[in-house]
Amino acid sequence: MQNRILFVGTLPPPIGGVTIHTSRLLKHLASLGVNFDFVDIKRDGVAILFKKILNSKIVHLHLSNPFFIFLMVTFSRLTMTRVIVTIHGNLGRFNKAYNLFMALAIRLATLPLLLNESSYQIALSLNKKSLLLSSFIPPLDDEELDKDIALEINRLSLDLDSVVVTNAAAVSFDINGNEIYGITDLMRWVKGKNYLLVISDPSGMYSKWVEGKFPELFAKNIYFISYQHSFYSLLQYADYFIRNTLTDGDSASIHEALSSSVNVWATNKVSRPKGVHLYSNLSEIKLKKDDMYRNYVYNDVVKALTSLYSSIGNQ
């Protein structure tokens, strides 16, 4: 029996923007009774993946490696399977070879989905069917923050003005060797300020890397959460969220913060949602609690996707 939709990606752990997006999407679709299957590329074999593609009507890819994306798109098209590709990141961020594979995958895909305006405009020149869609899907179930984390935040921030939250899925660098999430720069920035900087580090990799490379950056007003936790719930304890990235896709974290009425500052490297304060240098950040954006409107991503699945499935 042919499955209606096959999703290819990874589920938590590890916790990251792509895995959280995929996990929440599948939970929402299951609650709606949508007929789908899933292959976890880190846990299932390649033979299983190809077999399931052959038995599927639509394949929706949530992957990061451009060569693997190109390979999956090519195989899907050769087997007459319609293929949707969500590009989780900014186009052009890889080396020349990987950028070429990504461009070819977009050109061949039935439907490329882009997460920010600049990437969308590039994709349109390659495939006129490209669409712009947010990555943010709210959690279906209530997520609670570990009580020990909540108590520690309350203790550390007792005599401080504000709680500033940031996050990093892993220690990552761009093609020039620069730190993508800008965590060490934030640690330098917060020194001497009356803020508590809470760093969501679910992989535990960042705190270990900083400890090995820059141990002098640790301070009493810096708190790493270096194990798995709910970032969405963590934001309920935040006054501000800073996204200090060199590149980005749509950043579900920003949407989570805006929807939680948390004041958001982010680099101007890519287009950002309405309500975000933009900066090019950390020295430009001026934190004001009364400068909060309260008009966030959630665009129903799950509803949009189910409509697309129905449309493509009927072609």
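The values are calculated or read from the model by the stated rules, or taken from the named source; none is laboratory data. All values reported here derive from a predicted model rather than from experimental measurement. Note: ideal-geometry Cβ built from the backbone for every residue, glycine included; neighbour counts use all protein chains shown.
Can we say Ser253 is part of a loop (DSSP other than H, G, I, E, B), surrounded by 18 or more Cβ atoms within 10 Å (Cβ to Cβ) and either on the phi < 0 side of the Ramachandran plot or at pLDDT 95 or above (or both)?
In short, no.
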Task: Enumeration of residues in segment 285-306 that are under 30 Å from His60 (Cα atoms) and of a type in the set (A, V, I, L, M, F, W, C) - done: Val297, Val301, Val302, Ala304, Leu305
Task: Filtered residues of segment 114-128 (kept if surrounded by fewer than 15 Cβ atoms within 10 Å (Cβ to Cβ) and either touching a Gly at 6+ places or on another chain (Cβ under 9 Å) or of a type outside the set (Gly, Ala, Ser) (or both)) - done: Glu117, Ser118, Gln121, Lys128
Open item on the list: Testing Val190 on (1) under 25 Å from Leu11 (Cα atoms); (2) in contact with a Leu (Cβ under 9 Å, 6 or more places away or on another chain), one condition comes back false. Which one is that?
Closed with: (1)
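Please note which helices (runs of 4 or more DSSP H) are completely contained in segment 127-238 and include at least 1 residues that are more than 23 Å from the chain's Cα centre (by Cα) and at negative phi.
On the way: elements: 147-156, 183-190, 205-213, 231-234.
Correct list: 147-156, 183-190, 205-213.
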Task: Tabulated pairs, segment 173-199, first farther than 15 Å from Phe224 by Cα, second charged (D, E, K, R), C-beta under 8 angstrom, 6+ apart or interchain - done: Phe173/Glu179; Asp174/Arg93; Ile175/Arg93; Glu179/Asp185; Ile180/Asp174; Asn194/Asp161
Task: Test set (1) crowded, with 16+ Cβ neighbours inside 10 Å; (2) in a helix (DSSP H, G or I) - Gly275 fails condition number - done: (2)
Task: Number of positions in segment 202-225 that are among the small types (Gly, Ala, Ser) and crowded, with 17+ Cβ neighbours inside 10 Å - done: 2
